[in-house]
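The values are calculated or read from the model by the stated rules, or taken from the named source; none is laboratory data. No experiment lies behind these values; they were computed from the predicted model shown. As a convention, Cβ positions derive from the backbone with ideal geometry for all residues, glycine included, and neighbour counts pool all protein chains shown. For accessibility, only protein heavy atoms count, side chains too; no ligands or nucleic acids. Shrake-Rupley method; radii C 1.70, N 1.55, O 1.52, S 1.80 Å.
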Amino acid sequence: ISSLLKVWGEETFFLELHYYAQHLNTDRFNNQEQAFEQVEALRKIDPEFAKLEGTAFNSVTTVFESLCERMIDVLIVNFINSVQSMCNGYKREKWHSISTVSDPALLELSSTALNFIVKIQELLHTLKSTISPLLHDQLFDSLGNELDNFLLNQIIYPNHFSIGGADQLHHDITKVFKPLVNDCLRDTYPSSNLLRKSCDASLLLQMQQASIDLLQGLLQLAIKGDETAYQEAMSVLRDMKA
């Protein structure tokens, strides 16, 4: 409805209606003829509506958009609450004791993530099949951000990771979670933005301690204004993502 009213608001008839509603002095006429006289006078003063602000439907579209935002917020809260109840096993995974795999291509989804993934897939499919196309990307963009924060705060921050555990987490995020959300988005959406914080965090977890100490030193120098250290730190981070 909001989108339709926005289109109508740009049409000439409704622009004229909005203009006259703003400028007509209803105290000066008692009949239809006097009203038309004022309309014609206004046409001569400002035929291009140069001083017109907004449209005839501004107030009602604002209400609809506010309602839409609240409904999306409710959907996201319900989504997170639903998946949270299914991720207890994944949260308690023994990330600190997972062995390193010689070939990352051999990694498979963590067994404790199965119910978690199934629930996410089920909810995303339901939303994708029922949500209005006009709200599609807005909803799934927000869902992606919330899922990103959820993985960061519920899985990554509370746990300790071995290199093998970090490899497993990175595999789960990039090969399972990210494609799940990406499949719900349109081709025009930049997939590089999906689960960006949790992807970057899992990359940092994969680094050896010596590399972490080196990067930390470079970043500390960069904060103090050392441009060379900043460029070197950015180079390290770019190499990690390559």
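Look at (1) exposed (fewer than 15 other Cβ atoms within 10 Å of the Cβ); (2) of a type in the set (S, T, N, Q); (3) more than 23 Å from Pro158 (Cα to Cα) and you find that Thr61 fails only one, number (1).
What about Lys175, is it part of a helix (DSSP H, G or I), at pLDDT 90 or above and among the basic types (Lys, Arg)? Can you show your working first?
On the way: part of a helix (DSSP H, G or I): yes; at pLDDT 90 or above: yes; among the basic types (Lys, Arg): yes.
Yes.
Taken over the stretch 122-145, residues that are part of a helix (DSSP H, G or I) and exposed (fewer than 14 other Cβ atoms within 10 Å of the Cβ) amount to 5. May I ask you to verify whether Ala166 is of a type in the set (Gly, Ala, Ser) and at pLDDT below 80? Taking the combined requirement at face value, the residue does not satisfy it.
When the stretch 101-121 is examined, which residues are found to be of a type in the set (Ser, Thr, Tyr), open to solvent by 90 Å² or more (accessible area, probe 1.4 Å) and modelled with pLDDT of 85 or more?
Taking the stretch 101-121 and keeping what is of a type in the set (Ser, Thr, Tyr), we get 102, 110-112.
Filter once more, keeping what is open to solvent by 90 Å² or more (accessible area, probe 1.4 Å): 102, 111.
Across the stretch 101-121, the qualifying residue is only Ser111.
Just to be sure, is Thr126 at pLDDT 85 or above, of a type outside the set (Asp, Glu) and in contact with a helix residue (DSSP H, G or I) (Cβ under 7 Å, 6 or more places away or on another chain)? For Thr126, the condition - at pLDDT 85 or above, of a type outside the set (Asp, Glu) and in contact with a helix residue (DSSP H, G or I) (Cβ under 7 Å, 6 or more places away or on another chain) - is not met.
Take Val181 and decide whether it is open to solvent by 50 Å² or more (accessible area, probe 1.4 Å), part of a helix (DSSP H, G or I) and either modelled with pLDDT of 90 or more or on the phi < 0 side of the Ramachandran plot (or both).
no
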